[in-house]
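Scroll down for the structure; my scribbles are underneath it.
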Amino acid sequence: MEPPAFHPCDEAVISTNDDASNCKRSAVKLGYWKDDFLGYFVRSPDRKAPEINRGYYARVKGIEMCIEKFFKKTGDKCQIINLGCGFDTLYWRLRESGHMITNFVEMDFPTVTAKKCYMIKRNKILLEKIHVEDGEVRLSPTDLHSTNYHIVGVDLRNIDEVAIKLQQSEVDFSIPTIFLAECVLVYIELPNSNNLLKWFASNFKSAAFVNYEQVNMNDRFGEVMLNNLRQRGCSLAGVEACVSLETQISRFQNCNWHGARAWDMVQIYHSIPAAERARIERIEMLDEAELLMQLFQHYCISVAWIGDLFQDIEITVEKRLSSLNID
């Protein structure tokens, strides 16, 4: 099968990494969460609107909560494969918190990984964290390999290339593996993303997939979101899977994953401990509380699994959501 050609929209998709990284850095600088490493990739971001800062907080915290639940099942004997990683700093944050997992692989367009490799190579603190005693760090313009951290440039639409890069990254298909994707699958045509999910399902014995992306995209607010992205030259090629929580779940089930669950970000936000929510709600007042609610209703986190290790992963949401304290 011929690999997909580079699409004009790919450049716009690649640029979303800069947008997301800047938004995360804005929230970190204000104290929404701690990240001592993001500043090495993003220097001086513009301050974002309070709704954006709080939205990114919920995104990062929601994914962290899922990962913590997985670690309770696996300990550090697991792998994380971060799809469309951008300038994400999860590996360094995990190391800082004492986790030394078996393997951590990051994948993105070569244009993105080349920048990240360059930044890592030039920063002693980042390099020290990926260097393991008696291990070597191998660098190329787009790829980096160390004992348990790998970053590789790859087009996720090309499964043969993905397979080669995973092999080069010494991935063990027999141990529990966590896939992460933040607004990644939605930029891939559905047949290609389905093929990728099917390939993962058929090659990994025990796996979980944490997917953060849009949902409820068939209403008026969703249409506005789509139009804004189109104006930036960026179409959501896989938006068919983002119609509802049910379509998010069925996408995985139809691709041979054993099961899946999904929650919108209203639910995710209200699964965060009340004291922690109260802390971040004091950081800044919301200008547009209704806008934040609409954003939360149009993003979700899905968790899918292969095997039985992760099948009982659940998000506990406050029973009373009638009084949404978001302002």
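The values are calculated or read from the model by the stated rules, or taken from the named source; none is laboratory data. Nothing here was measured: the structure is a model prediction, and the numbers come from that model. As a convention, Cβ positions derive from the backbone with ideal geometry for all residues, glycine included, and neighbour counts pool all protein chains shown.
Assorted remarks:
- Check on G259, closer than 29 Å to K73 by Cα and either in contact with a helix residue (DSSP H, G or I) (Cβ under 8 Å, 6 or more places away or on another chain) or without any contact (Cβ under 8 Å) to a residue 12 or more places away in the chain (or both): yes
- Note on region 199-234: residues that are surrounded by 18 or more Cβ atoms within 10 Å (Cβ to Cβ) and of a type in the set (S, T, Y) total 2.
- Under the condition of being more than 19 Å from F209 (Cβ to Cβ) and surrounded by fewer than 17 Cβ atoms within 10 Å (Cβ to Cβ), the residues counted in region 148-184 number 6.
- The residue that is surrounded by the fewest Cβ atoms within 10 Å (Cβ to Cβ), counting only those in region 288-307 that are in a loop (DSSP other than H, G, I, E, B) and at pLDDT 95 or above, is G307.
- Some residue of region 21-31 being surrounded by fewer than 22 Cβ atoms within 10 Å (Cβ to Cβ) and part of a loop (DSSP other than H, G, I, E, B): yes
- Some residue of region 33-45 being over 30 Å from L309 (Cα atoms), at pLDDT below 95, crowded, with 18+ Cβ neighbours inside 10 Å and in contact with a helix residue (DSSP H, G or I) (Cβ under 6 Å, 6 or more places away or on another chain): yes
- Among the conditions (1) surrounded by fewer than 22 Cβ atoms within 10 Å (Cβ to Cβ); (2) in contact with a Ser or Thr (Cβ under 7 Å, 6 or more places away or on another chain); (3) under 29 Å from E128 (Cβ atoms); (4) not small (G, A, S), the only one that I81 does not satisfy is (1).
- Residue in region 136-163 that is farthest from the chain's Cα centre (by Cα), counting only those that are of a type in the set (G, A, S) and under 18 Å from Q79 (Cα atoms): S146
- Contacts under 8 angstrom Cβ, first residue in region 57-77 being under 14 Å from A207 (Cα atoms), partner at pLDDT below 95 and aromatic (F, W, Y), 6 or more apart: F70/F310; K73/F310
- Candidate set from region 170-205 (those that are small (G, A, S) and over 19 Å from the mean Cα position of the chain (by Cα)); member that is nearest to L245 (Cα to Cα): S202
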